[in-house]
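Worksheet: one structure, shown below.
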Amino acid sequence: MCCSSFLKIMMFIFNGGIFVAGAAILGVGVWVKVDSGSLLGLLDNVEDIPSGLSQLVNVSYLLIAVGAVLLVIGFLGCCGAVRESRCMLLTFFSIVLIIFLAEVAGAVVLLVFQDVADQLLGSLEDEVKRSIQKDYGSSESLTSLWNATMEQFKCCGYRNFTDFEGSPYNIEHGNAYPPTCCNATYSENVCSANGAIHSDIDGCFEKLLQLIEDNAVIIAAVALAIAALEIAAMVVSMVLYKNIGNKA
C-alpha cells in the first residue's frame, strides 16, 4: 500500500514535469514558427534556397506537435495513477514511447542542421544580395520585412551595408543606406557610406547563425531533461500497471 502510494506520488511528480516541459516546448515551437516570419522569412524572397533550410521550419512544427501531446499525456498520466486504470496507464506508456522516439529524431535533425547551418546560410549570400539590390526600396513587402528584421536584431544587410549598393533605395536616396546601418549616435540625417563604415554594424547573417546555434543548445538541453522524465515515467507507469493487475 505504501509502495503504491509512493508510486502515485512519483507519477504526479514526473507527469507534472512532463506537463510543464510540454508547455515550454510548445512555446518554443510557436516562437520559432513566428520568428521565421522575420529572419527566416527574408529567405522566402530568395531563389535557389538549399533544401536543408526547410528542416528548421519542420522542426518548429515538430516542437509544436510534441509540446501539445506532452500536455495531454501529462494530464493522462496523472488521471491513470489516481483512477488506477490499466487502460489509461498503458495508453500513457505507448504515447510517451512514441513521443520519446519523435524527440530523438527531432534532436538528430537539429544537431545535423546546426553543424551545416553556417555552410547553408553562407551559400545564400549571392542570392540574398541580388534580391536586396533588385527589390529593396521598390517592393514594399520585402522592404518592410528587412526594415523590421534589421531594427529588431540591430543588424544591417545580410553581410554588411554594401549589400544595399545599387538597390532602388540606395539610388533613390542619393547613395544613402537604411538608418539601421548607422549607429544611433550618428549625427547626419541620412546614413551615408562613410557613416556606415564607421558604425560597422554586423550583418544579419551573423545574427541568424547565432540565433540558430543558441536555440539549438536550449532545445537540446530541454529535450535531454524531458527524455529523462519520460523514461522514469514509463518505468513507474509499468510498475503501477503490474501492481494494479496483481490486485485484480
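The values are calculated or read from the model by the stated rules, or taken from the named source; none is laboratory data. Everything numeric in this text was worked out from a predicted model, so none of it was measured. Neighbour counts run over all protein chains shown; Cβ positions are idealised from the backbone, glycine included. The protein model used for the area step is the full one, side chains on, heavy atoms only, and it has no ligands, DNA or RNA in it. Shrake-Rupley method; radii C 1.70, N 1.55, O 1.52, S 1.80 Å.
State the number of residues belonging to the stretch 73-99 that are under 27 Å from N215 (Cα atoms) and surrounded by 16 or more Cβ atoms within 10 Å (Cβ to Cβ).
We begin by selecting, within the stretch 73-99, every residue under 27 Å from N215 (Cα atoms); these are 73-74, 95-99.
Narrowing further to those that are surrounded by 16 or more Cβ atoms within 10 Å (Cβ to Cβ): 73-74, 95-96, 99.
Counting residues in the stretch 73-99 that are under 27 Å from N215 (Cα atoms) and surrounded by 16 or more Cβ atoms within 10 Å (Cβ to Cβ) gives 5.
Take residues that are open to solvent by 60 Å² or more (accessible area, probe 1.4 Å) and farther than 28 Å from Y136 by Cα and tell me which of the helices (runs of 4 or more DSSP H) falling wholly in the stretch 158-248 contain 3 or more.
Answer list for the stretch 158-248: 204-247.
Any idea which residue in the stretch 107-148 is modelled with the lowest pLDDT, counting only those that are in contact with a Lys or Arg (Cβ under 9 Å, 6 or more places away or on another chain) and open to solvent by 30 Å² or more (accessible area, probe 1.4 Å)?
Only one residue tops the list, namely E125.
If you check G137 against the conditions, is it touching a helix residue (DSSP H, G or I) at 6+ places or on another chain (Cβ under 6 Å) and farther than 26 Å from Y61 by Cβ?
Yes; evaluated as a whole, the condition is true for this residue.
Just checking, which of A184, A228 is under 30 Å from F92 (Cβ atoms), without any contact (Cβ under 8 Å) to a residue 24 or more places away in the chain and not acidic (D, E)? So that I can check it myself, show each step before the final result.
Working: A184 fails: under 30 Å from F92 (Cβ atoms).
None of the other options fit; the residue is A228.
Is it the case that the stretch 71-86 has a residue that's hydroxyl-bearing (S, T, Y) and in a helix (DSSP H, G or I)? Full working, then the answer.
Within the stretch 71-86, the first condition is being hydroxyl-bearing (S, T, Y), and the residues that meet it are 85.
This time we only want the ones that are in a helix (DSSP H, G or I), so: none.
No, there is no match, as no residue in the stretch 71-86 is hydroxyl-bearing (S, T, Y) and in a helix (DSSP H, G or I).
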